[in-house]
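Notes follow once the structure below has been shown.
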Amino acid sequence: MSLSPVHKRYLRQLAHTLKPTVMIGAAGLSPQVADAVHDELSHHELIKVRVRAEDRSTRDAIMDSLAQDFDAALVQRMGHIVTLYRPHPEKPVITLPSAARAAK
C-alpha cells in the first residue's frame, strides 16, 4: 500500500500523540507479537510499534517486513518507532483527505 505525501502528512499529524502499542524485542517478530500487530491494525488502523533491535539494518528490515507482512503503509519511522496505517476493509475509521481538499 502506498500513500501520497499529503496523506502521509495527515497521518503523521494524527499519530503525533499516539504511544507505541506493540513492542518488538531483540528476539524479533514472534507469532504472538504478529497477532498483536494484526489485532491493533484491525482495531485502530493507525499504530506505532517500538522495535528494540540493536543493529540499525536489522531494525529497518523488521520495520519494512511489518509493512509488507500486514499489507500496511509505512507512514513514518523515527529511531526505534515505526508508524503503520492499514484502513479497515469494511468500515474505515480514518478518512484520508481528498486531493482537492488537501491542495487548498
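Nothing in this text is a laboratory measurement; each read-out follows from the coordinates by a stated rule. The shown structure was predicted, so the numbers you read here are calculated from the model rather than taken from an experiment. Cβ sites come from the backbone with ideal geometry, for glycine too, and all protein chains shown count toward neighbours.
Over all other residues within a Cβ to Cβ distance under 12 Å of Arg77, the charged ones net out to +4, with Lys and Arg as +1 and Asp and Glu as -1. DSSP assigns beta bridges within region 5-87; of those with both partners inside it, close to 75 percent run antiparallel.
Using just the C-alpha positions of region 5-87 as equal point scatterers, what log10 of I(q)/I(0) does the Debye formula give at each q in 0.12, 0.18, 0.20 1/Å? These q points yield log10 I(q)/I(0) values of -0.29, -0.67, -0.84.
Exposure proxy shown here: for Val75, Val6, the number of other Cβ atoms within 10 Å sets the order, fewest to most, as Val6, Val75. Charge tally around Ile47: other residues with Cβ under 12 Å, Lys/Arg +1 each, Asp/Glu -1 each, net +1. Helix 5-15 and the long axis of the chain differ in direction by around 60°, with both axes built from C-alpha atoms.
Arranged by the count of other C-beta atoms within 10 angstrom, fewest first, what order do Tyr85, Tyr10 take?
Neighbour counts put them in this order, fewest first: Tyr10, Tyr85.
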